[in-house]
Structure formats: structure tokens, C-alpha cells
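The values are calculated or read from the model by the stated rules, or taken from the named source; none is laboratory data. Fair warning: this is a prediction, and the values are worked out from it, not measured in the lab. Because the Cβ atoms are built from the backbone with ideal geometry, glycine has one as well, and the counts that use them run over all protein chains shown.
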Amino acid sequence: MAKITQLSQLDLNQTYSYADYLTWTLDETVELIKGKIMLMSPAPNVSHQTISGNLYGISYPFFRHKKCRLFHAPFDVRLYDRKKSILASKEIHTVVQPDLCVICDKAKLDEQGCNGAPDWIIEILSKGNSKREMQVKYELYQESGVTEYWLVYPYEQAVYQFVLDDNGRYQLKNMYADSGIALPHLFPDLSIDLAEVFASFDDE
């Protein structure tokens, strides 16, 4: 089998597994969404990276000595229906790279990343990927059982907080904005000051 080093060697209409994904050495960063290759947006801009770094810096001390672990992209998260047990790579057809995620079940962690749904995912929107985060990933995270999902809107300096209800459907729990204090549903002792999150943010 020819080594895959360029996106042009792949058929964008074909369905691939995580086992296939592991064999690729591409310059581009891609995700798999139900077996289909999805190109990620161009490299995150300074504003995106600043917000991601601020969120990580604020949250890391909270998780440092806890069983739940905080990770940031690039970090492979393999997703599938929550009703299924942990799957082998060839059975998995979705792999994403959230900006930030928290995993409390150590059994889901291996050398490749996370096999199964994180407890909390944060995605920071950019001009090129908002449709994907708002629609495709929203549905994926809901289906796979990500308990809490945050969408961060840099240009509005706002955070939308979604939490799974008893029926496994996302409900909008809070909308935080500007210099408010955002409280994770799963970790209410973690206070996130949005003034710090959006510090040094400049519109581009």
C-alpha cells in the first residue's frame, strides 16, 4: 500500500476508519466525521490561540491534582454512539480535535488520545469553521455523550454552555458574555473570568 503523504492521494468521497487515519502523514490537519475527511480551518489565528491559551491557563491549576485531565489541541478524540463499548481503530469512523477537552475516565486514554466521549469539550469558533462547530460537531458530541459542550464566540466575546439532559439531548444552560464569570456545569468550583479569557483580544 502506497504511503499517504498528500491529501490528493485520498478519495474525499470514500469512507475511512481511524485505522486508516493513523497511517497518514499529511501536512494538512484533517478530522474524520463519520468516515468522511473534513479539512480543518487554516492554522488558528493569534486571537484564537490567545483565547485557547487563556482558557487552558485558567483551568489547568484546577485540574492539576484531580483525576480529571485537561487536554488541548492537537489531541485526537475518537467518537461513536454512546451505547457502544470502546471500539477498535478499524471500527471507529469519527476523530476530532477539540480546542480543549476534559476526560475523567482514565480507561478512555491511550497513547493515541481519547477513545470515547470526553466529559467536557470547548470549541473556539473562527470565521472558517463556525458552521461545523455549530451543526456537525454539536450533533456528534450530543450523539456520543459529551456531557458538557461550550461554544466560544471570540468576536462577540461570548460563551454558550450546552449540557445533556436526561434524554441525552443538549439544552442551552447559560449564555455568558463580556466580563462575566462562567461556571462549568460539571465543575462548579471552577470560576472562569471571561475578562481574563478575552484579554488581549483584538479584532482582525
Search result, residues across the stretch 26-75 that are within 16 Å of the chain's Cα centre (by Cα), of a type in the set (V, I, T) and modelled with pLDDT under 90: T29, V30
Cβ pairs under 8 Å, 6+ apart, first in the stretch 42-70 and among the hydrophobic types (A, V, I, L, M, F, W, C) and surrounded by fewer than 18 Cβ atoms within 10 Å (Cβ to Cβ), second modelled with pLDDT under 95 and outside any helix (DSSP H, G or I): V46/D202; V46/E204
Any hit, the stretch 175-186, residues being hydrophobic (A, V, I, L, M, F, W, C), assigned to a loop (DSSP other than H, G, I, E, B), touching a Ser or Thr at 6+ places or on another chain (Cβ under 7 Å) and within 21 Å of F63 (Cβ to Cβ): yes
Per-region count, the stretch 8-33, residues assigned to a loop (DSSP other than H, G, I, E, B), surrounded by 14 or more Cβ atoms within 10 Å (Cβ to Cβ), out of contact with any helix residue (DSSP H, G or I) (no Cβ under 6 Å at 6 or more places or on another chain) and not aliphatic (A, V, I, L, M): 2
Residue list for the stretch 159-197, filter: surrounded by 16 or more Cβ atoms within 10 Å (Cβ to Cβ) and at pLDDT below 95: G180
Residue check, D81 of a type in the set (D, E), touching a residue at least 12 places away in the same chain (Cβ under 8 Å) and crowded, with 18+ Cβ neighbours inside 10 Å: no
